[in-house]
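The values are calculated or read from the model by the stated rules, or taken from the named source; none is laboratory data. Fair warning: this is a prediction, and the values are worked out from it, not measured in the lab. Using ideal geometry, Cβ is built from the backbone for each residue, glycine included, and neighbour counts are taken over all protein chains shown. When the accessible area is computed, the model is the full protein with side chains, heavy atoms only, and any ligands, DNA or RNA have been set aside. Shrake-Rupley method; radii C 1.70, N 1.55, O 1.52, S 1.80 Å.
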Amino acid sequence: MWYQQTLTLWPKSRGFHLVTDEILGQIRGLSGVKVGLLHLLLQHTSASLTLNENCDPTVRYDMEQYFLNAVPDNAPYEHDYEGPDDMPSHIKSSMRVVSLMLPV
């Protein structure tokens, strides 16, 4: 049996954010699933998903610092239609993934 649903996440500022509760709170009928796969696809060209242990809040900070250093805002990018973080966001998204397949 397949089930498909479109979820909407609240807008977020730049950075790494926990979205587990927001996603689980929107999936209808999840409690009735015994075994399966949850496929998350983020339909946004300058954002991405990551699965990480997050027992320490500094994980998100360190991840953000890494990507800010690896892909700086002030490089000579040609594409800047939505501001100085537009092209860096596209590059960072390409370095990570826009979909996750998780066991249920």
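Kindly state, to the nearest 0.05, the FRET efficiency for D86 paired with T20, given R0 = 41 Å and r defined as their beta-carbon distance. Computed FRET efficiency for D86 and T20: 0.90. Counting only Cβ charges, +1 for Lys and Arg and -1 for Asp and Glu, the dipole size of the range 60-104 around its Cα centre is about 320 debye. Taking Cα centre as origin and charging only the Cβ of basic (Lys, Arg, +1) and acidic (Asp, Glu, -1) residues, the dipole magnitude of the range 1-60 rounds to 160 debye. Positive-end ranking of L30, L9, Y77 along the dipole of the chain, with charges on Cβ about the Cα centre, is headed by L30. Note on I27: accessible area approximately 30 square angstrom, rounded to 10, probe 1.4 Å, nucleic acids and ligands left out. Of T58, P103, Q43, which is farthest along the charge dipole of the chain in the positive direction, counting Lys and Arg as +1 and Asp and Glu as -1 at C-beta? Sorting the options by dipole projection puts first P103. Report the calculated FRET efficiency for N52 and M1 (r = Cβ-Cβ distance, R0 = 35 Å), to the nearest 0.05. That gives a FRET efficiency of 0.70. Close amide-amide hydrogen proximity is noted between L38 and L102, V104, each under 5 Å apart and 5 or more residues distant or on a separate chain (H modeled in the peptide plane; Pro and chain starts excluded).
Working from label points 7 Å from Cα in the Cα-to-Cβ sense, the L9 to V98 distance is 1.3 nm. Residue-wise HN-Hα couplings along the range 55-63, as the Karplus relation 6.51 cos²θ - 1.76 cosθ + 1.60 with θ = phi - 60° gives them from phi, are 6, 10, x, 6, 4, 4, 4, 5, 4 Hz; Gly and Pro carry x. Taking the Cα atoms of the chain, the ratio Rg/Rh between the radius of gyration and the Kirkwood radius comes to 1.02. Taking the range 3-44 and a reference point 7 angstrom along Cα→Cβ of Q65, the backbone N atoms nearer than 19 Å belong to 14-18.
Measure out, as a whole number of angstrom, how far apart the alpha-carbon centroids of the range 68-104 and the range 1-36 sit. A separation of 23 Å, based on Cα centres. Relative to the Cα centre, the charge distribution of the chain, modelled as +1 at Lys and Arg Cβ and -1 at Asp and Glu Cβ, gives a dipole magnitude of about 560 debye.
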